[in-house]
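Below is one structure, written out as structure tokens, with a few remarks after it.
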Amino acid sequence: MNIMARIAKPEDLGLDPARLSNITNYFQSYVDREKIAGFSTLISRHGEIAHFETAGQRDRERALPMEKDTIFRIYSMTKPITSLALMMLYEEGHFQLTHPVSRYIPEFKELKVWAGGTAEKYETKPCEREMTIRDLLTHTSGLTYGFMYEHPVDELYRKAGIEGANTVGLTLKETVQALANIPLLFSPGSHWNYSVATDVCGYLVEVLSGRPLDEFLASRIFAPLGMNDTGFFVPKDKLDRFATNYFRDPRTGKSGIMDMGDETSSYASPPRFLSGGGGLTSTIADYWRFCQMLLNGGELEDVRLCSPKTIEFMTMNHLPGGQTMKQMSISAFSELAAEGAGFGLGFQVLLDPAESQAIGSVGNFSWGGAASTYFWIDPEEDLIAIFMTQLYPSSTYPLRPQLQQLVYGAVIE
């Protein structure tokens, strides 16, 4: 079904239309001050769209307007999709969460943990236990990201050419093989650290299914859900809808161009590296279909991808002892704030709204992307909110908690 056919009156969904209009008005101020070029917002409740608005431009230099079918780099909003793909294989009996990763990736059998030194000369020690598949899905694997610039292990990633979604010159298999030769930041299960773990999950999808990750996602998730504009690159006939990606210039406080939304973009052709952790592009309408499927318990418009019990299982806190991300984190970086939140199998899960200092419901699950994209799903309120823009990094402005304030301020029943 076309998403526009799902638009309903906000008041019929328990939302105040005047208060919903605050969303566009508020973020328009970001556009007016040239902090972002443009944005798109979508709010749905009870399976119907209450708010779907765009403002500003998808390309400021060419004066191209932001439109409802604009294509965005969703970066780490790829992670929930890859995590679901792996759990679909779990439903089919391909693995157990407790299985060591080395059972499917033999190179991971001899992983070591950093024990001191420098990136040029370092020592390692044995892992306290092997890395499991659950460790990958929960970011407790001991892996990291090269862009952290916090530890010598991050530098080893950069030297190996492992740059997350920006990795070039390596295939997914070659990237995983290279990771096997770099020490872990910590012994699996002992800490939480944002990392390339979901890229390894993407490789597990390939190993377990016998299919390339892009083919698996396209045939098992995108085609069944009607996510026709989602993929690892933007085809030539869709490039005119592709947004330019900006970054904030710390010298001027204004945004500069990071990647054009045209044929010069690295997303204009199929990539060598299929990043299950951050490589997808999508539209806000496509991503809403994915979110609505999750909120429906694995089904959308008579198409079922997985069981409601699997979604329930994925969106509970899987951190050891019921800990929060804050309690387990050793990194200053996460796409979302770590206070009051646990982590499930591919999603952050809200445990304590008061501790998080952001309005929401216990059980909300969510994630965001490096170019300031964001979504959350609130099962208690039967509500979905999605924000799309293209500004790197996502920590530049507090767009996400501000969106939460505005959306929940419109809930009146």
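The values are calculated or read from the model by the stated rules, or taken from the named source; none is laboratory data. What you see is a predicted model, and the numbers here were worked out from it, not measured in a lab. Cβ sites come from the backbone with ideal geometry, for glycine too, and all protein chains shown count toward neighbours.
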Worksheet, complete the sentence: When region 226-247 is checked residue by residue, the ones that are in a strand (DSSP E or B) and without any contact (Cβ under 8 Å) to a residue 60 or more places away in the chain are GLY231
Worksheet item: If you scan region 94-123, which residues turn out to be of a type in the set (Val, Ile, Thr) and under 29 Å from the mean Cα position of the chain (by Cα)?
Response: THR98, VAL101, ILE105, VAL113
Discussion item. So, in region 100-141, exactly how many residues are of a type in the set (D, E, K, R) and in contact (Cβ under 8 Å) with a residue 24 or more places away in the chain?
Written reply: 8
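Yes/no matrix, rows are residues, columns are (1) farther than 19 Å from MET77 by Cα; (2) aromatic (Phe, Trp, Tyr); (3) surrounded by fewer than 18 Cβ atoms within 10 Å (Cβ to Cβ); (4) not assigned by TED's automatic domain parsing to the domain that holds ALA370:
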position: VAL205; (1), (2), (3), (4): no, no, no, yes
position: LEU217; (1), (2), (3), (4): no, no, no, yes
position: PHE222; (1), (2), (3), (4): no, yes, no, yes
position: LYS236; (1), (2), (3), (4): yes, no, yes, no
position: ASP240; (1), (2), (3), (4): yes, no, yes, no
position: ALA243; (1), (2), (3), (4): no, no, no, no
position: TYR246; (1), (2), (3), (4): no, yes, no, no
Fill in: Given (1) modelled with pLDDT under 95; (2) touching a Gly at 6+ places or on another chain (Cβ under 6 Å), index of the condition TYR374 fails
(1)
Worksheet item: Looking at (1) touching a Phe, Trp or Tyr at 6+ places or on another chain (Cβ under 8 Å); (2) buried (at least 21 other Cβ atoms within 10 Å of the Cβ); (3) modelled with pLDDT of 95 or more, which is the one condition that is false for PHE273?
Response: (1)
Fill in: LEU294 vs. criteria surrounded by 17 or more Cβ atoms within 10 Å (Cβ to Cβ), among the hydrophobic types (A, V, I, L, M, F, W, C) and either over 30 Å from ASN166 (Cβ atoms) or touching a Lys or Arg at 6+ places or on another chain (Cβ under 8 Å) (or both)
no
Discussion item. Given the criterion surrounded by fewer than 23 Cβ atoms within 10 Å (Cβ to Cβ), over 28 Å from SER255 (Cβ atoms), touching a residue at least 12 places away in the same chain (Cβ under 8 Å) and not assigned by TED's automatic domain parsing to the domain that holds ASP249, identify the matching residue among GLU413, GLU312, GLU381, GLU355.
Written reply: GLU413
Discussion item. So, SER361, is that one crowded, with 23+ Cβ neighbours inside 10 Å, in the same structural domain as GLU11 (by TED's automatic domain parsing) and not hydrophobic (A, V, I, L, M, F, W, C) or not?
Written reply: no
Item to complete: Scan region 36-46 and give yes if some residue there is under 30 Å from GLY231 (Cβ atoms) and among the charged types (D, E, K, R), otherwise no.
Response: yes
Worksheet entry | Selection from region 12-45 of residues that are surrounded by fewer than 18 Cβ atoms within 10 Å (Cβ to Cβ) and over 15 Å from GLY409 (Cβ atoms) | ASP12, GLN28, SER29, ASP32, ARG33, GLU34
